[in-house]
Structures are given as C-alpha cells and as structure tokens.
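The values are calculated or read from the model by the stated rules, or taken from the named source; none is laboratory data. Quick caveat, the model's predicted, so the values are computed rather than measured. In this analysis, Cβ positions are derived from the backbone assuming ideal geometry, glycine residues included, and neighbour counts consider all displayed protein chains.
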Amino acid sequence: MLTASTKVLTDLLYTQAKEFVGIYDPALGWFTQVNLAGAHLLGYSSEQALLAEPDRALHLSAWTETQWQALGERAQREGRQEMPTEVRRRSGETFSAYIELTAFQVEERPFFLVRLTEPGRLQQAERELAHSVRRFEAVFANATIGIIVCDRPGTIVSANQLAAQLFGYQEQELVGQLIEALVPDAAGRHHQQLRESFNARPSVRDMGRHRNLQGRRQNGTVFPVEVSLSYFHLDQELYVVAYVLDITFKKEAEQELEAQHQRVARLNAELEQKVADRTHALLNTLEQLEQRGRELTQALAAEQELGELKSRFVSMASHEFRTPLTAVLTSADLIEKYPGGDQQDKRLKHVQRIRASVNHLNDILEEFLSVGRIEEGRIEAHPTELDLPALLAETVADVQGLLKTGQTIVRQVQCPAPARLDPSLLRKILVNLLSNALKYSGEGAVVTVNLACQTNLLTLSVADQGVGISEEDQEHLFERFFRARNVTNVPGTGLGLYIIARYLELMGGTIDLQSALNHGTTVTITIPYENHPAD
C-alpha cells in the first residue's frame with residue numbers, strides 16, 4: 001500500500017512531467033491514465049479527450065500491431081524496453097521521439113508505464129555520434145584490407161583484425177609497435193627523414209612508390225605488399241593511416257605472365273625460323289598450284305564444251321527419235337483395227353505394250369527436250385487468268401491411267417477466285433508431282449493434293465504414302481539426273497524435280513520437300529500471282 005506522502009509524490013511527478021506519461025492496459029488495449037502534458041504532446045485538449053479516442057491506437061510510424069505486441073512482450077521479459085520511433089499527432093504532424101515501456105503488475109495484472117520523450121539537441125547529437133562511431137567501427141573491423149593507424153612518431157595506435165592476421169599478430173599486439181617493424185625496407189635507411197617529410201607535408205599517396213615492398217610477419221617470414229597512405233588530424237594531432245594489401249597472388253600471377261611472355265617470345269623466334277625454312281617450299285608449291293590452276297581451267301573449258309555437246313545431243317535425239325516413234329504408234333493403232341484371227345488377244349496385248357513403251361519414250365524425250373529449252377532460255381512464263389480448281393480437276397483426270405490398284409487421289413481446294421498464272425507450266429509441275437507420288441506409292445495408297453490461295457500467294461502441296469527419301473539423298477534431289485538410292489529399280493530419268501525447280505524460278509516460286517524413309521513425302525510449292533486481268 002502506498003502511504004499518503006508517497007501517493008502525493010507520485011501524483012506530483014506524474015502530473016508535473018513535461019513528457020508523455022501514461023498507464024497502458026494490454027487487456028484493454030488502451031491507456032487507463034495519461035498526464036495532461038502527454039495529451040497536449042499528441043494534440044489532444046485533455047486527458048479525457050485522448051482516453052475517449054475511438055481509434056485507440058498510438059500512431060507510431062511504420063509500426064504494425066504485431067511489432068507493438070512484440071515490444072510489449074520484450075518489456076515483460078526484461079522489465080524495460082526503449083527505442084527511437086516516429087509519432088504522429090492527432091493533426092497528422094509527425095515528430096521523432098523515444099518510446100520507453102516499463103512493465104509492472106497490479107493485483108497480478110500486467111500493465112506498462114509508457115513514456116514518450118522528444119530528444120533534445122544534445123541527446124540527438126550524442127546518438128548521431130554514437131551511430132557514426134558504430135559505423136566507423138563496423139567499417140574498420142570488417143574491412144577486407146589491412147588498416148593501421150600510426151601517430152606522428154610512427155607508433156601504431158590502432159589496427160584492424162585483418163592487419164593483425166596479415167602480419168601474424170593477435171589483434172592488440174600491433175598496438176605500440178613501430179610501423180618499420182612491419183615494413184622494414186619501405187624507406188631504406190632514411191626512416192626518420194622520410195617520416196618528418198611526410199609529417200611536414202602529409203598527402204594521400206603510395207608508400208615506397210616504384211619499389212617492391214616486403215611485409216615482415218612476426219615469425220620473420222616476408223610477403224609482398226602494397227601500402228597506401230592517408231592521414232587525418234584529431235585534436236591538432238596528426239595521424240597516418242596505412243592501408244595494407246597482401247599481393248602474393250598478384251606477384252605470382254605477374255611472374256607466371258612473364259614466364260609465358262618469355263615462352264611466347266621463344267616460340268615466335270622458332271616460328272619465324274620455320275617460316276623462313278618453308279618459304280622456298282611454299283614458293284615451289286605456289287608454282288605447282290598455278291600449273292594445276294591452268295590445268296583446271298582447261299578441264300573446265302572442256303567440261304563446258306561437253307555440256308554444250310550434251311544439250312545439242314538431247315535436242316538432236318528428241319527430233320530424230322520422234323518421227324520413228326510416231327510411226328510405231330501409228331502401226332500399233334493399225335494392228336488394233338484387225339479383229340480377225342485366233343491370235344487377236346495376243347495381238348492386242350503386244351499393241352498395249354507398244355503403246356506404253358512409245359508413251360514412256362516420248363515422256364523421256366519430252367523431259368530431255370524441256371531441259372534443253374530451259375538451259376537455252378527459250379521457256380518463259382506467260383500468265384493468264386486461270387481457274388485453278390478446273391485446272392486441278394483436268395490434271396487429275398489426265399493421270400488416272402497411272403493409278404495402281406486401289407490408289408486414289410484426294411483433292412482439297414480453297415481457291416474460289418481466278419488467278420493470273422502460266423497454265424502450261426503449272427500443269428506440267430502438277431503432272432510431274434502427281435506422277436511421282438503415284439509411282440513411288442504402293443497399291444491402295446492415298447495421294448492428297450491441297451490447293452490454297454491467300455493474299456495473292458498460291459500454295460500447292462502433294463502428299464503421298466510412298467517409300468520416302470533419306471536425308472542424304474534429299475540434298476541432291478534437285479540436281480540433274482539424280483535419283484534416290486532406294487528407287488533405282490523404278491523407271492525414271494532423275495529430271496522431274498530439276499525441271500519443276502527451274503519452272504518455279506521462271507514463275508518466282510519456291511519449293512519445299514519433307515520426307516522420311518517409309519513414311520511418305522510431301523512436296524509444297526508456293527507461287528505469287530495477281531488476281532486481276534492485264535491492262
């Protein structure tokens with residue numbers, strides 16, 4: 001129980017306090033008593049106005065309810081807690097303060113005595129100084145370079161932990177040592193003169209400039225170091241700061257680099273000698289290469305002449321063979337017109353063979369003739385307005401005789417409007433693609449033709465289910481007379497895709513082939529076109 005005098009003294013201290021003093025009830029979550037100065041400090045007219053505040057929150061900037069509870073728990077465990085914070089008055093204005101919580105109990109119920117104190121200038125300066133000292137100590141202690149502070153005579157007054165480690169001392173053993181004990185050869189035999197010179201005109205510079213400095217450890221061993229000097233004045237007294245860096249690895253790297261330079265120089269000398277020794281041989285080789293070049297030029301001229309002869313031969317053979325083949329075809333037609341005799345069925349069989357052979361030879365000659373006309377530049381694209389669905393239907397009808405048992409051709413057309421293209425070249429391209437697809441597919445296979453027109457671009461694809469083409473052979477498919485290795489037993493000239501590619505060049509189109517062995521082949525061509533008639 002408080003005596004009357006004690007109670008009077010307590011009330012007097014409470015009411016006369018210049019800062020905020022209040023009793024906080026954790027169970028209520030608000031103050032049960034606040035002094036008048038504290039109410040005014042927070043912008044309230046009276047204690048009752050503050051206690052009746054519906055918000056019931058002491059507005060500490062950036063504090064959450066969880067942080068406030070944690071502060072109270074620490075105060076209950078340790079008896080008292082104090083820390084700086086920002087407080088917001090009722091008007092919204094904020095000010096810096098120190099909040100102090102002192103835990104006590106009344107009838108076994110916990111309470112807090114809460115004090116809010118605005119720091120004075122001296123207190124603020126002391127705290128800022130303390131923070132500055134702590135920051136300096138943190139930088140000094142945790143620096144990744146050795147730091148040593150000496151007074152004017154060169155006696156070490158402070159050194160960080162890394163500096164002690166570099167020189168093999170305990171952290172406080174360096175204090176009182178002379179700096180010359182750590183870097184004995186830094187100034188030669190003129191320590192005193194150089195120190196006095198530096199003290200007279202202190203500056204930030206390297207120690208032992210242009211010299212290889214050696215640091216000496218406590219056990220007498222040495223290691224290469226780099227030392228930079230700085231300075232500061234404290235109470236009119238000069239202090240020198242030495243920043244020490246162990247450059248053992250740097251020196252080793254420099255030595256290794258120098259060794260590599262010497263090795264490179266030696267190799268360069270040997271290389272120059274080898275170059276000199278081989279120059280004569282290279283000159284002889286160059287003369288031989290020039291001779292070979294002349295021979296290759298002659299061979300190329302001969303090859304070009306051979307190519308011209310081949311073209312002339314193809315043209316001559318086409319014209320010379322066409323007449324007798326036409327006569328054979330006419331004779332076959334005449335034989336078919338004699339129905340009498342018991343050998344008529346055999347006669348018809350031979351007639352069909354003659355026709356097939358003649359047509360086959362005619363196709364071969366037509367391909368040879370096409371190659372000749374293409375290489376001579378006598379074929380040009382002549383676009384006209386073209387009904388693409390009709391052209392596709394006519395072409396599919398033309399190749400019906402090539403279908404094997406069960407084979408079908410499926411058409412997919414998305415070209416409603418006419419397009420300006422060369423019908424002859426496009427028909428030849430389509431016939432060639434369809435005949436290849438049917439030829440290299442088995443019985444019962446499906447060949448799909450897709451014709452699409454979009455933004456003045458014709459896309460035509462022919463997909464089969466045939467034998468496919470290997471990746472190695474696909475690289476040469478558009479060369480003259482080339483045939484894939486897996487179809488050498490199937491009749492063909494190896495000119496079809498070459499002719500298609502050349503036709504597409506004339507029409508400004510492109511061709512793409514996707515194939516895999518035993519998984520079929522898809523050939524896609526794209527040709528730009530106009531969809532309006534010529535002027």
(message) Quick check on the stretch 55-76. Is at least one of its residues assigned by TED's automatic domain parsing to the domain that holds Pro110 and in contact with a Pro (Cβ under 8 Å, 6 or more places away or on another chain)?
(response) yes
(message) With the requirement that a residue be outside any strand (DSSP E or B), within 59 Å of the chain's Cα centre (by Cα) and surrounded by 15 or more Cβ atoms within 10 Å (Cβ to Cβ), what does the stretch 17-33 give you?
(response) Pro26
(request) For residues that are of a type in the set (Ser, Thr, Tyr) and touching a Leu at 6+ places or on another chain (Cβ under 8 Å), scanning just the stretch 462-506, find the one that is farthest from Leu391 (Cα to Cα). (result) Ser470
(message) Taking the condition of being part of a helix (DSSP H, G or I) and either without any contact (Cβ under 8 Å) to a residue 40 or more places away in the chain or aromatic (Phe, Trp, Tyr) (or both), how many residues in the stretch 43-78 meet it?
(response) 18
(request) Name the residue, out of Phe198, Phe249, Phe232, that is modelled with pLDDT of 85 or more and either exposed (fewer than 11 other Cβ atoms within 10 Å of the Cβ) or in the same structural domain as Leu166 (by TED's automatic domain parsing) (or both). (result) Phe249
(message) For Tyr14, only one of the following conditions fails: (1) surrounded by 16 or more Cβ atoms within 10 Å (Cβ to Cβ); (2) modelled with pLDDT under 85; (3) assigned to a loop (DSSP other than H, G, I, E, B); (4) not β-branched (Val, Ile, Thr). What is its number?
(response) (3)
(message) Of all residues being under 23 Å from Ile409 (Cα atoms) and touching a residue at least 60 places away in the same chain (Cβ under 8 Å) in the stretch 500-522, which is farthest from the chain's Cα centre (by Cα)? Just the residue, please.
(response) Ile500
(request) Need at least 1 residues that are in contact with an Asp or Glu (Cβ under 7 Å, 6 or more places away or on another chain) and of a type outside the set (Phe, Trp, Tyr) per element, so show me which strands (runs of 3 or more DSSP E) inside the stretch 403-509 make the cut, counting only ones lying wholly within it. (result) 419-421, 446-454
(request) Given the conditions (1) outside any loop (DSSP other than H, G, I, E, B); (2) modelled with pLDDT of 80 or more; (3) loosely packed, with under 11 Cβ neighbours inside 10 Å; (4) not hydrophobic (A, V, I, L, M, F, W, C), report the number of the one that Gln165 does not fulfil. (result) (3)
(request) Name the residue, out of Gln124, Gln172, that is modelled with pLDDT under 80 and polar (S, T, N, Q). (result) Gln124
(request) Would you check which residues across the stretch 473-509 are among the β-branched types (Val, Ile, Thr) and surrounded by 13 or more Cβ atoms within 10 Å (Cβ to Cβ) and list them? (result) Val487, Thr493, Ile499, Ile500
(request) Sort out which residues of the stretch 478-496 are under 41 Å from the mean Cα position of the chain (by Cα) and either within 20 Å of Asn518 (Cα to Cα) or among the aromatic types (Phe, Trp, Tyr) (or both), and write them in order of number. (result) Phe478, Ala484
(request) Within the stretch 490-522, track down each residue that is small (Gly, Ala, Ser), in contact with a helix residue (DSSP H, G or I) (Cβ under 7 Å, 6 or more places away or on another chain) and under 20 Å from Arg378 (Cβ atoms). (result) Gly496
(message) Being surrounded by fewer than 20 Cβ atoms within 10 Å (Cβ to Cβ), at pLDDT below 90 and in contact with a Ser or Thr (Cβ under 7 Å, 6 or more places away or on another chain) is the requirement here; does Pro423 meet it?
(response) yes
(request) Just name the residue that is modelled with the highest pLDDT out of those in the stretch 75-110 that are aromatic (Phe, Trp, Tyr) and farther than 13 Å from His59 by Cα. (result) Phe104
(request) For Asp398, state whether it is in contact with a helix residue (DSSP H, G or I) (Cβ under 9 Å, 6 or more places away or on another chain), modelled with pLDDT of 85 or more and in the same structural domain as Val490 (by TED's automatic domain parsing). (result) no
(request) Output yes when any residue across the stretch 442-450 is touching a Ser or Thr at 6+ places or on another chain (Cβ under 6 Å), polar (S, T, N, Q) and at pLDDT 85 or above, and no when none is. (result) yes
(request) Residues being at pLDDT 80 or above and in a loop (DSSP other than H, G, I, E, B): count how many of those fall in the stretch 205-227. (result) 5
